[in-house]
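The structure appears below as structure tokens.
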Amino acid sequence: MEGGEIMSTKTIEEKQYLVRFKADTKSHLTVLDHDICMTKCPDKICTIFCPAEVYKWEGLRMQVGYEGCHECGSCRIGCPYQNIKWEYPKGGHGIVFRLA
């Protein structure tokens, strides 16, 4: 970059447009105990730290939209109760990045 040039930036929405997903029929994400989410975790922090918004609190259960997972692993370390089991998606499935 030259002195006065400004690098163009993309919005989150523009960046997310560059990824595609090949979802398996079986989730690679599992909430181990929904009661822990309901009784011990009033802030439902996974609904905040997941950049793909995979975790949604609906009614009395945590819903997991694994099909849009970015595979960043933040849920592996972000859940204060280690209540989320994260595994790599089965071979050939998961996120596919495109460069633009």
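Residue count for region 1-21, restricted to those that are part of a loop (DSSP other than H, G, I, E, B), of a type in the set (D, E, K, R) and at pLDDT 70 or above: 1.
For region 68-77, the tally of residues that are surrounded by fewer than 14 Cβ atoms within 10 Å (Cβ to Cβ) and not in a loop (DSSP other than H, G, I, E, B) stands at 2. Would you check if C46 is surrounded by 15 or more Cβ atoms within 10 Å (Cβ to Cβ), without any contact (Cβ under 8 Å) to a residue 40 or more places away in the chain and not aromatic (F, W, Y)? Spelling it out, C46 is indeed surrounded by 15 or more Cβ atoms within 10 Å (Cβ to Cβ), without any contact (Cβ under 8 Å) to a residue 40 or more places away in the chain and not aromatic (F, W, Y).
For K40, the conditions (1) more than 9 Å from the chain's Cα centre (by Cα); (2) surrounded by 13 or more Cβ atoms within 10 Å (Cβ to Cβ); (3) charged (D, E, K, R) are fulfilled apart from (2). Among the residues examined, D24 qualifies as surrounded by 13 or more Cβ atoms within 10 Å (Cβ to Cβ), in a loop (DSSP other than H, G, I, E, B) and of a type in the set (D, E, K, R). For region 70-89, the candidate set comprises residues that are in contact (Cβ under 8 Å) with a residue 24 or more places away in the chain, touching a Pro at 6+ places or on another chain (Cβ under 8 Å) and not polar (S, T, N, Q); within that set, the residue that is nearest to Y17 (Cα to Cα) is H70.
The values are calculated or read from the model by the stated rules, or taken from the named source; none is laboratory data. Quantities reported herein were computed from a predicted structural model and do not represent experimental measurements. Cβ atoms come from the backbone with ideal geometry, glycine included; neighbour counts cover every protein chain shown.
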